[in-house]
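What follows is a set of notes on a single structure, which appears directly below.
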Amino acid sequence: MLFALLTLNAAVGVLIWQAPEVMPLAALLVPLALANLLLGPRQLPFFVLVTLLVLAVAVAFQSAITGRIFISALIVAGLCIGVVLSSFHRSRLGVAGLRGELMLVDLRDRILRQGGIPGLPGSWHVESELRSAGGTPFAGDFVVAIRKGNRLEVAVVDVSGKGEAAGTRALLLSGALGGLLGALAPEDFLEAANDFLIRQDWDEGFASAVHLSLELETGRFQIRSAGHPPAALRAAGSGRWSVITAEGPLLGLIDEAAYEPAAGIMRSGDALLLYTDGMVETRTRDISLGVDKMLGQAEQLLRGEYVGGATRIIESIGSRKDDRALLLVHRR
């Protein structure tokens, strides 16, 4: 790849020398842009030096140095310097720019797949939705779910920070929590997640989480919370939403923390909502008021039709300046 780009660079330089009225100096930006995408951080500075050499020779062979040629040369030289500086930042990753982006895309896809809901019996409908504060798939909120026999285990997690700034921590934490969720008993999951976060020693090393353990045959469930907004259960018999409060400290702050469950049972027609604080909290509104508003909105948007309900709710309410995650569980 380096040889091919150097050949292209030399060909462009020759064309600028032989036909300056047809081939402008700015044509050197084409191989430079390709090199920025395809070359690694060790090769890129060498290529930029060659580009600057070709630029100097091309300018020297111009019949007259006009203001247009001078400005074009300054632009190409400035972009060469910018590419070198960006390669120094990229050297920590050690791969080419395009390959590094593909690695991030792969990691992003993996975190989204972990939030996918496993196959469930026909009597259950479960769906989740995520929205990032920056409008990208990289966010500090995520969902991990796994089915173990006749039990569904789901965790909704909110990492400190938001948007892309929290996305890197969320990528690491989602993989760890996905493994813990499948390997441990429900009562041990949040304690192990708390221990994991404490060992990371991050500057912003805390997260909130809510863990649902649901028996698919009986509908019995346990909810454990680590500093997370309360879950909400809609009883089909009364048509009313009730808040399920389970208390526990945030993950990553207190060593050997304990997380006590809140238990209940989902009967036919009941629905359950798990969500992050971006759905209910703003700078001017308390969480409790936000929960009431969200549940009122959910009552209007669901109205017996739960398929696509998570999407309808998350698009109609919540702060666009914060990450949001929502999990909807319905027993048909």
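The values are calculated or read from the model by the stated rules, or taken from the named source; none is laboratory data. From a predicted model like this one, the values you see are computed outputs, not experimental measurements. Here the Cβ is made from the backbone with ideal geometry for all residues, glycine too, and neighbour counts use every protein chain on show. Accessible surface areas use protein heavy atoms only, side chains included; no ligands, DNA or RNA. Shrake-Rupley method; radii C 1.70, N 1.55, O 1.52, S 1.80 Å.
In summary, the helical segments of the chain meeting the span-like criteria, namely a full DSSP H run, a Cα extent along the axis of 27 angstrom or more and a mean Kyte-Doolittle hydropathy of at least 0.0, are 67-90, 163-183. Restricting the calculation to Cα atoms, every distinct pair contributes to the Kirkwood radius of segment 174-332, found to be 16.5 Å. Its DSSP H runs of at least 4 residues, each contributing -39,500 (n - 2.57), put the calculated 222 nm mean residue ellipticity of the chain at -14500 deg cm²/dmol, to the nearest 500.
Here the relative contact order of the chain, from alpha carbon pairs under 8 Å that lie six or more residues apart, stands at 16 percent. The orientation-averaged shadow of the Cα convex hull for the chain, equal to a quarter of the hull surface, comes to 21.9 nm².
When the inverse distances between all different Cα atoms of segment 1-78 are averaged and flipped, the Kirkwood radius reads 12.5 angstrom. Highest mean packing comes first when the peptides 236-244, 220-228, 321-329, 259-267 are listed by Cβ atoms within 10 Å, giving 321-329, 220-228, 259-267, 236-244. With contacts taken as Cα pairs under 8 Å at a separation of at least 6 residues, segment 151-268 carries a relative contact order of 29 percent. Take the Cα of L289, step 7 Å toward its Cβ, do the same at L2, and the gap between the two points is 6.2 nm.
For segment 192-332, carbon and sulfur atoms together expose 46% of the accessible surface, with a 1.4 angstrom probe and every protein chain in place.
Diffusion coefficient (Stokes-Einstein, Kirkwood radius over C-alpha pairs, 37 °C, 0.692 mPa s) for segment 240-297: 237 µm²/s, rounded to a whole number. Taking a point 7 Å from the Cα of A64 along the Cα-to-Cβ direction, none of the residues of segment 1-29 has its backbone N closer than 13 Å to it. Enclosing the Cα atoms of segment 183-247 in their convex hull gives a volume equal to 92 cubic angstrom per residue.
In this structure the chain gives 49 Å² per residue of accessible area when probed at 1.4 Å with all protein chains present. Distance from the alpha carbon centroid of segment 1-63 to that of segment 268-332 works out to 55 angstrom.
Kirkwood analysis of segment 118-241, using all unique Cα-Cα pairs, places the hydrodynamic radius at 15.5 Å.
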